[in-house]
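*Asks:* One structure is given below, represented as structure tokens, and several questions about it will come after.
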Amino acid sequence: MLDSGAFVRFENVGFSYGDGPEVLHDIDFTLEPGTFHFLTGTSGAGKSSLLRLMYLAERPSRGVIRLFGRDTASLSRMEAPVLRRRIGVVFQDFRLLQHLSAFDNVALPLRVASVGETEIRQHVGELLTWVGLADALDARPATLSGGEQQRLAIARAVVARPDLLVADEPTGNVDDHNAQRMMRLFQNAHNYGATVVVATHNAQLVKRYNYPQLHLDSGRLNILPVALPPVPHAGPAQMQLPANG
Amino acid sequence: MFRRHYDLPLGRDGSGRLVPWIVALMSYLATLAIAAALALGILAWRWTEGVAGAITVLLPPAIEDGAAVNVKAEDARVEQARKALGELPGIGAVEALDAADVARRLEPWLGAGAAPGDLPLPRLLVVRAQRGIKPDLAAMSRAMTEIAPGAVVDDHGVWRAELARLAARVTALAGFAVLLIALSGSAVVVFAVRSGLAVHRDTIEVLHLIGAHDDYITRQFRNHTMWLSVIGGMIGWALLIATGAFCYQAAESLDPALLPRMGLAPWQWVALGAVPAALSFLGMMAIASAAAKRTVRRALAKLV
């Protein structure tokens, strides 16, 4: 079912895990292409569940989710992976494949999409440079610091130039410097056209970057508009390499 | 056929460690079963071919209790029978085995010292029918009974039928054994793949969520399982070569008087081993591939 108007659209979505209680209730919102949102709420408010619905890891218990104009309930097993390739995900715990090198981790989304190795080498090389890991091509994730692993996870999420980029608490376990650095990466991805949703409970970060919020409170969603104009250094910018460190 | 590398570290966990050995054993046993059925089939064919169209006439010894065997009288009776048989319609040739011939054939049981006339032995005639004509066994039997009461005319039909039945039963048994082996092999592969799926559940979910088709993940399991099967097949072949050499030696050293020789040339022995080995190998590959594919697909179907 094609609906060209809805980039990301949740219509009265409810969600529960198995036969458990409903953790998301009557979720209703639309994300326009090229927007940047924070997904906020306390721990247990349902942020991860909402993101899992968004990146097609779960199906709603009720309601309709439309992604890129498609009703996700009508997706076949062959179609769902094609849609997933348009979504970049930064998982809360990174979920990097420990047996693969940094290069191969980032190359993964391209390999599953059957991109040629020459193109993969070029793109992945550029991406790892972009996230400041050009010297760590062959490094295993376990040998990288927490901040480096997070940047590697971001590189993997954006390497296929997704239309939708979702990140689940990416700044949860890093210091302020690394959190800002990560935000710059998300902003760069936003600048090339990706719609970005970053889940966080870091109030300082939300305040500093001042993007509109999808706020979850006990499984119910409120959309909070932008309160203040974005601070100058956090606004849209050209794709640029972050400073190392 | 196989990818350069796997996104799933299937070779690093213990889930498939036993697969090559099990496949080796399964291939080995399946090959032995098929080879045994083939060998018996060849033997049965050779034996029945040898007696096809031949009729054996057995004349019991004509002696009274306690009397010595009169070899000349026996020879005369055999000659009389030979002539009588030659006059019957449909008979091509009649060969009479003399007393020395009979004694020689019985030598493995009676020893080399038994001279014609020492024992009351039956006399044999081998009758060849004309091509395409089935002789009248009843008429032959009547004619022989007149010359030698108690004579037996045997066209080997019963023996050939029993041999054919035995060959068919052994073939069926071999088929059943191969089926059991295939099921066991399949179960082992399914178990190994399920273990692999459990071990790599997280990695599989990541691949799934970044857009990997079911085929992409299935292919990795299938290729890995097939690779393990190839290794197993090689081990199985090594065992088979050793077994084949042993069987060849054993068959060549059989006493030809006690058992008919298979009479196979070395290359035929190789073929006898290679055909079942190839069948087993390809079969195990197909089973491993199908079992891995089906198991992974069923597991992936549970993911959203």
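The values are calculated or read from the model by the stated rules, or taken from the named source; none is laboratory data. Every value quoted in this text rests on a predicted model; they were computed, and no experiment measured them. Heads up, the Cβs are rebuilt from the backbone with ideal geometry, glycines too, and the neighbour counts pull from every protein chain shown. For the accessible areas, the whole protein counts, side chains as well, though only heavy atoms, and no ligand, DNA or RNA atoms are used. Shrake-Rupley method; radii C 1.70, N 1.55, O 1.52, S 1.80 Å.
*Asks:* Within 30 Å of B:TRP227 (Cα to Cα) and within 22 Å of the chain's Cα centre (by Cα): is that true of B:PHE176 in this structure?
*Replies:* Numbers: within 30 Å of B:TRP227 (Cα to Cα): yes; within 22 Å of the chain's Cα centre (by Cα): yes.
Yes.
*Asks:* Return the pair list, or none, for Cβ contacts closer than 6 Å from residues in region A:1-26 that are at pLDDT 90 or above to residues that are polar (S, T, N, Q) and part of a loop (DSSP other than H, G, I, E, B), at least 6 apart or on different chains.
*Replies:* Listed pairs, sorted by first residue: A:GLY14/A:SER61; A:PHE15/A:SER61; A:SER16/A:SER61.
*Asks:* What is the number of the single condition among (1) of a type outside the set (A, V, I, L, M); (2) within 10 Å of chain B (Cβ to nearest Cβ); (3) touching a residue at least 12 places away in the same chain (Cβ under 8 Å) that A:GLU117 does not meet?
*Replies:* (3)
*Asks:* In region A:78-88, is there at least one residue being open to solvent by less than 40 Å² (accessible area, probe 1.4 Å), of a type in the set (A, V, I, L, M) and more than 10 Å from every other protein chain (Cβ to nearest Cβ)?
*Replies:* No, region A:78-88 contains no residue that is open to solvent by less than 40 Å² (accessible area, probe 1.4 Å), of a type in the set (A, V, I, L, M) and more than 10 Å from every other protein chain (Cβ to nearest Cβ).
*Asks:* Looking only at region A:175-200, which residues are more than 18 Å from A:VAL89 (Cα to Cα) and assigned to a loop (DSSP other than H, G, I, E, B)? Steps first, answer last, please.
*Replies:* We begin by selecting, within region A:175-200, every residue more than 18 Å from A:VAL89 (Cα to Cα); these are A:175-178, A:180.
A:ASP175 - this is the single residue of region A:175-200 that is more than 18 Å from A:VAL89 (Cα to Cα) and assigned to a loop (DSSP other than H, G, I, E, B).
*Asks:* Which residue pairs have Cβ atoms closer than 8 Å, lie 6 or more positions apart in sequence or on different chains, and pair a first residue in region A:120-148 that is more than 18 Å from A:THR171 (Cα to Cα) with a second residue that is surrounded by fewer than 18 Cβ atoms within 10 Å (Cβ to Cβ) and among the hydroxyl-bearing types (Ser, Thr, Tyr)?
*Replies:* Short answer, once both residue conditions are applied: A:LEU137/A:SER101; A:ASP138/A:SER101; A:ALA139/A:SER101; A:ARG140/A:SER101.
*Asks:* Among the residues of region A:31-44, are any in contact with a Phe, Trp or Tyr (Cβ under 9 Å, 6 or more places away or on another chain), more than 11 Å from chain B (Cβ to nearest Cβ), open to solvent by 60 Å² or more (accessible area, probe 1.4 Å) and touching a residue at least 60 places away in the same chain (Cβ under 8 Å)?
*Replies:* Yes, region A:31-44 contains at least one residue that is in contact with a Phe, Trp or Tyr (Cβ under 9 Å, 6 or more places away or on another chain), more than 11 Å from chain B (Cβ to nearest Cβ), open to solvent by 60 Å² or more (accessible area, probe 1.4 Å) and touching a residue at least 60 places away in the same chain (Cβ under 8 Å).
*Asks:* Scanning for something open to solvent by 30 Å² or more (accessible area, probe 1.4 Å), more than 30 Å from B:SER27 (Cβ to Cβ) and within 19 Å of the chain's Cα centre (by Cα), does region B:148-160 turn up at least one residue?
*Replies:* Yes, some residue in region B:148-160 is open to solvent by 30 Å² or more (accessible area, probe 1.4 Å), more than 30 Å from B:SER27 (Cβ to Cβ) and within 19 Å of the chain's Cα centre (by Cα).
*Asks:* Something else about it: Could you tell me whether region A:59-70 includes any residue that is facing another protein chain (nearest Cβ under 10 Å), within 15 Å of the chain's Cα centre (by Cα) and open to solvent by 10 Å² or more (accessible area, probe 1.4 Å)?
*Replies:* If we filter region A:59-70 for residues that are facing another protein chain (nearest Cβ under 10 Å), which is where we start, we get A:59.
Retained after the next criterion (residues that are within 15 Å of the chain's Cα centre (by Cα)): none.
Scanning region A:59-70, I find no residue that is facing another protein chain (nearest Cβ under 10 Å), within 15 Å of the chain's Cα centre (by Cα) and open to solvent by 10 Å² or more (accessible area, probe 1.4 Å), so the answer is no.
*Asks:* Give me a count of the residues in region B:184-213 that are touching a residue at least 12 places away in the same chain (Cβ under 8 Å), within 11 Å of chain A (Cβ to nearest Cβ) and surrounded by fewer than 19 Cβ atoms within 10 Å (Cβ to Cβ).
*Replies:* Total meeting the criteria: 1.
*Asks:* Hey, another quick one. Inspect region A:152-159 for any residue being in a helix (DSSP H, G or I) and β-branched (Val, Ile, Thr) and give the result as yes or no. Spell out the reasoning first.
*Replies:* Looking only at region A:152-159, we keep the residues that are in a helix (DSSP H, G or I), and these are A:152-158.
Now narrow it down to the ones that are β-branched (Val, Ile, Thr): A:154, A:158.
Looking for residues that are in a helix (DSSP H, G or I) and β-branched (Val, Ile, Thr), one finds at least one in region A:152-159, hence yes.
*Asks:* Test each condition in (1) out of contact with any His (no Cβ under 9 Å at 6 or more places or on another chain); (2) within 30 Å of A:ARG156 (Cβ to Cβ); (3) modelled with pLDDT under 90 for B:GLY233 and report the one that comes out false.
*Replies:* Answer for B:GLY233: the failing condition is (2).
*Asks:* Considering each residue of region B:223-239, count those that are under 20 Å from B:ILE181 (Cα atoms) and either in contact with a strand residue (DSSP E or B) (Cβ under 8 Å, 6 or more places away or on another chain) or buried (at least 22 other Cβ atoms within 10 Å of the Cβ) (or both), and give that number.
*Replies:* Final tally of qualifying residues: 6.
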